[in-house]
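One structure is given here, and the rest of the page talks about it.
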Amino acid sequence: MKSAKNSFALTFIGLSLLSTNTHAAPPSYSFVSVDYLRSELKDVPLNIETYVSIPEKDVTFDGLQLAASFDFGNNWFGQVRFQQINGETNHIIETPLGNISPDAIPPGATSNEDNIELDLTGSLVTISAGYIFFQDDMSSAYLAGGYAHTKVEIELENTNIFRDSNGNRVPNLPGYFESGTASGSGDDSGAILSIGYRRNITDTLQAGLRADHYTVGNSSSELTLEGIYFLTTGLGLQVGGTFYDDGSQYNLGARYNF
């Protein structure tokens, strides 16, 4: 992410300026959380090994995130995170009849289209250890590194449809343009490196900033902002956003400190 460093610095300064007097209690590194995820990816390459050529398209996913962090003492902590997202999209590709062999065009047909239905499932698992290199009464900063694994599964169904001048479907000729399905999957592993900052804005409000770099695939970087409103000393509601070059992700959920 080209502007990640500048964004991190500006947000760090902003969190410091917004802070008000609060009890001397730095952010906790022992918690569990669960979130609803909403991911928006831009220009997803939907082509897989099939006879259909599909343009790139924006795709929206919904999913779930589970996370846990454990303070081991002496400024060390461990953390795990699991995400799973699912997305469905459809795409219609119109083909001029002039590009189709006359033998394959059923009588009465005036148009042809490929109806593409695509289902994508993705998951991310990270396991890392971190060190708190700065801490005062209200804030802390840390470095972390570990293992990241991603997996993607794709299922595609293609239906070729002829229509007449009234828009009604015309049956395909036997042996031509039969419906087809295809599927593909892939997974990859690498490292995740993180730097983060957390600050108690008030007794009940905490803000955080984190920059992650993944060496999975072609490598990528992302910036995450989060806010937590504590209903009790342990239970809080959290909201956040993650931003990267080809999309963004938003989360809403609950966290429990222990």
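One table, with the values for the structure above:
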| item | result |
| --- | --- |
| The range 126-258, relative contact order in percent, only Cα pairs under 8 angstrom and at least six apart counted | 17 |
| Karplus 3J(HN,Hα) series, Hz, for the range 95-110 with 6.51 cos²θ - 1.76 cosθ + 1.60 (x for Gly, Pro) | 10, x, 4, x, 8, 10, 4, x, 5, 9, 8, x, x, x, 6, 10 |
| Radius of gyration, Dmax [the range 107-172; alpha carbons; angstrom] | 26.6, 79 |
| Distance from the range 58-80 to the range 173-236 (C-alpha centre basis), Å | 9 |
| Cα convex hull of the range 181-230 - mean projected area over all directions, nm² | 5.7 |
| The range 144-188, relative contact order [Cα under 8 Å, separation at least 6], % | 52 |
| Shape box of the range 89-215 [Cα atoms, principal axes, largest first, Å] | 79, 32, 21 |
| Whole-number percent relative contact order across the range 155-226, with pairs defined as alpha carbons under 8 Å at least 6 apart | 22 |
| Rounded accessible area per residue of the range 108-151, 1.4 Å, Å² | 42 |
| Förster radius 30 Å - calculated FRET efficiency between Tyr229 and Leu64 (Cβ-Cβ, nearest 0.05) | 0.90 |
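The values are calculated or read from the model by the stated rules, or taken from the named source; none is laboratory data. Predicted model, so just to flag it, every value in this text is computed and none were measured. Every residue, glycine among them, receives a Cβ derived from its backbone with ideal geometry; neighbour counts consider all protein chains shown. When the accessible area is computed, the model is the full protein with side chains, heavy atoms only, and any ligands, DNA or RNA have been set aside. Shrake-Rupley method; radii C 1.70, N 1.55, O 1.52, S 1.80 Å.
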